[in-house]
Amino acid sequence: MEVLSLRVGYIQTNCYIAFDDDSREGVIVDPGDEALKIIQKLQNEKITPKAILLTHGHLDHMLAADELRKHYQIPIYAHEKEKAVLLDPEANLTASWMNLPMTLEADIYVRDGEEFHLAGFDWKAIHTPGHTIGGVCYYAKKEKKIFVGDTLFEGSFGRYDLLTASPSMLMESLNEKLFILPDDVKAYPGHGGTTMIGVEKKTNPAVGYKK
Ligand SMILES: [Zn+2]
């Protein structure tokens, strides 16, 4: 699995394109804005996207999702509990941060632990609530890669003060869902640089946090 990253939108969110080098099929993770820029990248690299994976419903992770869905006729994945965020302009921040209230309906709502096959890869959805109620990480176990959205950042973690967030759930997600993965799994966060689970489970300020 190869991974390309683009920074999109005014918050410069990481949009990732994960693809198979041979088949050139891939998925788009968190297309937060600038659909044309993402389409251009896919065209330049001759990659055919098969799905859009949303780690959560905040505007800076999903603003370009509907345009890409229509352009490529591909489904949008999100966690079942994130439906409430996607369909609430206050919770998805389009009302308060952009003053342009909008909602988004995903096509496929996954559950914790659900496994699926996309673009030639086996994926597992890991529900990691805390930043939002239905935050989910997409884990490609064989590839040793995980897309963690705003749950985990390099040496840090996401906000827990926005609607549907919970600091105790975030700490639990980090410690009990992510820091139990193998050390050599590479994490791709929604903002900033990539990191390794082995580094974060030793040095992240959330380590060992007890409620
Ligand atoms: Zn977010």
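Just so you know, all these numbers are worked out from the coordinates, no wet-lab data involved. If you're wondering where the values come from, they're calculated on a predicted model, not measured in any experiment. Glycine also receives a Cβ, built like all others from the backbone with ideal geometry; neighbour counts cover every protein chain displayed.
Some notes on this structure:
- Basic side chains Lys and Arg get +1 at the Cβ, acidic Asp and Glu get -1 at the Cβ, and with that the dipole of the chain about its Cα centre reaches some 340 debye.
- Chain lengthening between Asp22 and Asp161 when straightened (0.36 nm per residue, less Cα-Cα): 45.8 nm
- The chain: calculated mean residue ellipticity at 222 nm from DSSP helix runs of at least 4, using -39500 (n - 2.57): -5000 deg cm²/dmol
- The stretch between Asp122 and Lys70, if pulled fully straight at 0.36 nm per residue, gains 16.3 nm over its current Cα-Cα span.
- DSSP bridge pairs, segment 129-211: antiparallel proportion in percent, nearest 5: 65 percent
- With K and R counted +1 and D and E -1, the other residues having a Cβ less than 12 Å from that of Ala106 yield a net charge of -2.
- Put a plus charge on the Cβ of each Lys and Arg, a minus charge on the Cβ of each Asp and Glu, and nothing anywhere else: the dipole of segment 1-114 about its Cα centre is then about 240 debye.
- Entries of Lys81/Lys186; Lys145/Lys177; Lys124/Lys145 with Cα pairs more than 18 Å apart: Lys81/Lys186
- Rounded to the nearest 0.05, the FRET efficiency derived from the C-beta distance between Asp107 and Val207 at R0 = 35 Å is 0.45.
- Taking a sphere under 12 Å around the Cβ of Gly120 and counting the other residues whose Cβ falls inside, with K and R at +1 and D and E at -1, yields a net charge of -4.
- Summed side-chain charge close to Leu181 - residues other than Leu181 whose Cβ falls under 12 Å, Lys, Arg +1, Asp, Glu -1: +3
- The calculated P(r) of segment 93-211, using every Cα pair and 5 Å bins from 0, goes 2, 11, 20, 24, 19, 13, 8, 3, 0 in percent.
- The slack in the chain from Ser168 to Lys46, taken as 0.36 nm per residue of separation less the alpha-carbon distance, amounts to 39.6 nm.
- Simple rule: put +1 on each Lys or Arg Cβ and -1 on each Asp or Glu Cβ in segment 91-132, find the dipole, and look at Leu104, Ala119, Thr94; the Cα lying farthest toward the positive end is Thr94.
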